[in-house]
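Structure record follows, encoded as structure tokens.
The values are calculated or read from the model by the stated rules, or taken from the named source; none is laboratory data. None of these values were measured; they are calculated from a predicted model. Virtual Cβ from ideal backbone geometry, glycine too; neighbours counted across all protein chains shown.
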Amino acid sequence: MKKLFLLLPLLAGCGIKSNPKVLEYPVVDIKRIGEQVYVKSLSGDIRIKGFERLGNYWIKDNPEGFCFLVERIGERSKSFCVEPSTSIVPSFELLERDEKVIVLPSGFESYYLYPVKDNAIVVEEGKAFIDSIVIQRDYWQRCYAVAGISGSIHSKAVELCVKPKPPPKVADVKSLEIREGSRSIYALWSYDEDYREFVVYVDYKEVGRTKGFAFELPKPEKRVVISVKVINPMGFESEGYFVDYSP
């Protein structure tokens, strides 16, 4: 045991240490779309001087080819370069159908379709395609942008908007009935489908909303038209159930 204790100070004095951590380089995904360059980290947090952070991307407007340094925070830095943007943009034809729109672009060998939200393309939701792509219609207008691919760069994205399909028909309330009180009248109805709320009108002017099946109104002094419309879960309104009331 004494020999073991004598060895410990000797080993400590030899400078034996654990291997130092190997600093890692940034790993990034780079996209040029028109004049904008998008950089997204694939490993670790990064910082890029001269770029603006927006969500998961670092973005810079610059149509020229240039190089930039990406710093992996707490690790190493690495230089990357992008080619200049192209002035050529794709053209396209739209074939509109009841439930869909077919996009037929030309000018490039392949393309990307990006959704447009809040006047900006959503880079992460882009879809690559070659000859055509189908966009399904829904009940709201949706906008997209088509970019042509040339080598490692994407052209400026050209925007297109798909018109909505006709809204669904919403069933009206059943058996709208008006009952009288001394100073008020009461509109009562029934409904057996999903709904968000009911809207009550007097002489075609909205007077209130409710989630119930009855609505109290001041007793009118003259003949009026009372109507109830249904707002369905998607926000669409029925045509309305109308009744005449005379005091």
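Here are some notes:
- Lone unmet requirement of (1) exposed (fewer than 12 other Cβ atoms within 10 Å of the Cβ); (2) within 26 Å of the chain's Cα centre (by Cα); (3) among the charged types (D, E, K, R); (4) closer than 19 Å to Gln36 by Cβ for Asp98: (4)
- Out of Pro105, Pro115, sole residue that is touching a helix residue (DSSP H, G or I) at 6+ places or on another chain (Cβ under 8 Å), free of Cβ contacts under 8 Å to residues at least 60 places away in the same chain and buried (at least 17 other Cβ atoms within 10 Å of the Cβ): Pro115
- All positions within segment 35-63 that are among the hydrophobic types (A, V, I, L, M, F, W, C) and either surrounded by 16 or more Cβ atoms within 10 Å (Cβ to Cβ) or touching a residue at least 60 places away in the same chain (Cβ under 8 Å) (or both): Val37, Val39, Ile46, Ile48, Phe51, Trp58, Ile59
- Members of segment 15-70 found to be of a type in the set (A, V, I, L, M), more than 25 Å from Glu125 (Cα to Cα) and part of a strand (DSSP E or B), listed by number: Leu69
- Residue match in segment 203-213 (condition: among the hydrophobic types (A, V, I, L, M, F, W, C), at pLDDT 95 or above and not assigned by TED's automatic domain parsing to the domain that holds Val103): yes
- Residue within segment 217-226 that is under 41 Å from the mean Cα position of the chain (by Cα) and either farther than 19 Å from Ser190 by Cα or assigned to a loop (DSSP other than H, G, I, E, B) (or both) present: no
- Residues located in segment 181-213, provided they are of a type outside the set (D, E, K, R) and over 15 Å from Tyr245 (Cβ atoms): Ser182, Ser190, Tyr191, Tyr195, Phe198, Val199, Gly208, Thr210, Gly212, Phe213
- Condition check for Glu216: at pLDDT 95 or above and over 19 Å from Glu239 (Cα atoms): yes
- Leading residue by the ranking (modelled with the lowest pLDDT) among those in segment 71-104 that are part of a strand (DSSP E or B), within 30 Å of Gln141 (Cβ to Cβ) and in contact with a Lys or Arg (Cβ under 9 Å, 6 or more places away or on another chain): Glu96
- When residues of segment 151-168 are limited to those that are in a strand (DSSP E or B) and not charged (D, E, K, R), the one farthest from Asp29 (Cα to Cα): Val162
- Residue match in segment 128-141 (condition: assigned to a strand (DSSP E or B), surrounded by 12 or more Cβ atoms within 10 Å (Cβ to Cβ), basic (Lys, Arg) and under 17 Å from the mean Cα position of the chain (by Cα)): no
- Residue within segment 148-159 that is over 20 Å from the mean Cα position of the chain (by Cα) and loosely packed, with under 15 Cβ neighbours inside 10 Å present: yes
- Single condition Glu124 does not satisfy, out of (1) at pLDDT below 95; (2) assigned to a strand (DSSP E or B): (2)
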